[in-house]
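The values are calculated or read from the model by the stated rules, or taken from the named source; none is laboratory data. In this text the structure is predicted, and so the values were computed from the model without any measurement. Virtual Cβ from ideal backbone geometry, glycine too; neighbours counted across all protein chains shown.
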């Protein structure tokens, strides 16, 4: 995993390449490189910041240019099945994943992306055909922004790089901002918070034709999963889930540097840690866990059960910053995030990655994606219930609700304030200013004629996974750490979306099929936990007490949010007062506005009011 930057201009600009290497240095602390390639009508500049993970030798340095100078590549990510590619393509020599990707593209072109198992964003230059291709992995694990005009193209791993390098001020995209403060969405679309700067759509290649004096492009989609149900028994489905997940972890353990695993005490991370232990015979498994000083929220009991069970090396971080420290951490996290953060849990991840760096870990596996694949979130029970009702399956609906009531696994945890966002009642729009008057609410509820698998894919592509991968990438790369997500192996995603809904929500359990698939790998108390809450944090109390002065200062009439016409300051102060009084206001309705104000202040010099 690394950082990339590039341009297509009429003249060479080596100063821009050096500037990008400096801005994105945190993404590639192990080295950097630049290259320039000339075509008849255009000059292409490439910059790369290297985080060495596979093949630590200089032969994997980038930009990678072919011997005849006709092809070039800058690449951020990992191609996990590179050994299988080398074998199938008959490549000679000792290749790492970068060289395997480069040679495969040289042989087959962009169509080869469908054969890749990994996470990536890359720029591939083909002088013979005078094309430049920007590509992004299926789930957007790796970021890639671009800005284009008729006579200029810039692209980078991080928004802040383009904001600093492109010689103009940018207007805000108020639709994106409305989705954030009104609905709590991040990366819902391919638009960024700045008008004119876009993101490459996940699962797509964008090809620029450089044989013309004006830049022209075409988009090629290489991943569009088939959701047709499969006829498979429950036991066979569980066996396939187990086998695919184990192979996914096996591929993601490929590394020439130390690998650890995030362990929360829940089923997802515990399953990954268990499979890692099985596959890493003779090697110690380092777990990394965040723990709370609040005994009611502390997961260390469950974490200890797992580390003792696996005989792993536990590494815990007690995350208990003072309110003032928390603000400083928040500002750092917002800078690296290239977008306001929606919750303080993003900051906890940033602190956890700092600890990983101290331990000498450069690769960390995470359980993100499992909830979307196997219906772990509370909302899926409601969506499935709506589907059964719509289909007239009332007996199945009664059985479903009864089983969850008797099990006491999820209905007793229901939060109406949080659920309101799926009912179009999130509450954030009540503070909108004049610039958000034309805001169009994004559809995030359960849509008409939508099946549960459709909704899962919608969350994977739009409402959930894009936000999770965004902050995990930024918080980890801020510390030179690579995050790998075994549940987001496209084979497992496609399989999970095809199996019946009853294999996911059954007998009063969420993620039922996953639990059955890995129960022999975990202690029963972990595989069948009913009380997993995630890492809760004191942000609500901070917002009400310790941060009160800061919150008020960030929502006044002279705040940038107010000056930019994003919020109505009077309405925002009223909402905050309701929050202080304990009225039904979700803490994120306050937190997101404060976070946005912080981001605006940090970037105001480059913004066009």
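Identify all residues within the range 375-426 that are touching a strand residue (DSSP E or B) at 6+ places or on another chain (Cβ under 8 Å) and modelled with pLDDT of 85 or more; write none if there are none.
403, 407 - these are the residues of the range 375-426 that are touching a strand residue (DSSP E or B) at 6+ places or on another chain (Cβ under 8 Å) and modelled with pLDDT of 85 or more.
Kindly state which helices (runs of 4 or more DSSP H) lie completely within the range 554-603 and contain at least 2 residues that are closer than 15 Å to residue 433 by Cβ and out of contact with any helix residue (DSSP H, G or I) (no Cβ under 8 Å at 6 or more places or on another chain).
Hits in the range 554-603: 569-580.
Between residues in the range 82-97 that are farther than 15 Å from residue 254 by Cα and residues that are crowded, with 20+ Cβ neighbours inside 10 Å and modelled with pLDDT of 95 or more, which pairs lie under 6 Å by C-beta distance while being six or more apart or on different chains?
91/103
Identify, please: which residue in the range 19-49 is in contact (Cβ under 8 Å) with a residue 24 or more places away in the chain and assigned to a helix (DSSP H, G or I) and is, among those, surrounded by the most Cβ atoms within 10 Å (Cβ to Cβ)?
Step by step, filter the range 19-49, then rank; the result is 20.
Residues in the range 146-167 that are under 27 Å from residue 40 (Cα atoms) and surrounded by fewer than 24 Cβ atoms within 10 Å (Cβ to Cβ): how many?
12
When residues of the range 1-18 are filtered for being under 27 Å from residue 365 (Cα atoms) and not in a strand (DSSP E or B), how many remain?
Residues that pass the stated criteria total 2.
Do you know which of the residues in the range 584-603 that are at pLDDT below 95 and farther than 17 Å from residue 570 by Cβ is surrounded by the fewest Cβ atoms within 10 Å (Cβ to Cβ)?
Only one residue tops the list, namely 584.
Kindly indicate whether residue 311 is on the phi < 0 side of the Ramachandran plot and without any contact (Cβ under 8 Å) to a residue 60 or more places away in the chain.
So residue 311 does not fit the description; no.
Here's a check for you: in the range 217-237, which residue that is touching a strand residue (DSSP E or B) at 6+ places or on another chain (Cβ under 7 Å) and exposed (fewer than 15 other Cβ atoms within 10 Å of the Cβ) is nearest to residue 513 (Cα to Cα)?
Once the filter is applied, the top-ranked residue is 221.
Can you tell me which of 294, 283 is in contact (Cβ under 8 Å) with a residue 12 or more places away in the chain, out of contact with any strand residue (DSSP E or B) (no Cβ under 6 Å at 6 or more places or on another chain), assigned to a loop (DSSP other than H, G, I, E, B) and surrounded by fewer than 16 Cβ atoms within 10 Å (Cβ to Cβ)?
Among 294, 283, only 294 is in contact (Cβ under 8 Å) with a residue 12 or more places away in the chain, out of contact with any strand residue (DSSP E or B) (no Cβ under 6 Å at 6 or more places or on another chain), assigned to a loop (DSSP other than H, G, I, E, B) and surrounded by fewer than 16 Cβ atoms within 10 Å (Cβ to Cβ).
Each row is one residue, and each column tells you yes or no for (1) at pLDDT below 95; (2) closer than 28 Å to residue 320 by Cα.
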{"residue": "232", "(1), (2)": "no, no"}
{"residue": "240", "(1), (2)": "no, no"}
{"residue": "257", "(1), (2)": "yes, no"}
{"residue": "267", "(1), (2)": "no, yes"}
{"residue": "276", "(1), (2)": "no, no"}
{"residue": "280", "(1), (2)": "yes, no"}
{"residue": "292", "(1), (2)": "yes, yes"}
{"residue": "298", "(1), (2)": "yes, yes"}
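Tell me yes or no: at least one residue of the range 255-263 is surrounded by fewer than 20 Cβ atoms within 10 Å (Cβ to Cβ) and out of contact with any strand residue (DSSP E or B) (no Cβ under 8 Å at 6 or more places or on another chain).
Within the range 255-263 (the criterion being surrounded by fewer than 20 Cβ atoms within 10 Å (Cβ to Cβ) and out of contact with any strand residue (DSSP E or B) (no Cβ under 8 Å at 6 or more places or on another chain)), the answer is yes, since at least one residue qualifies.
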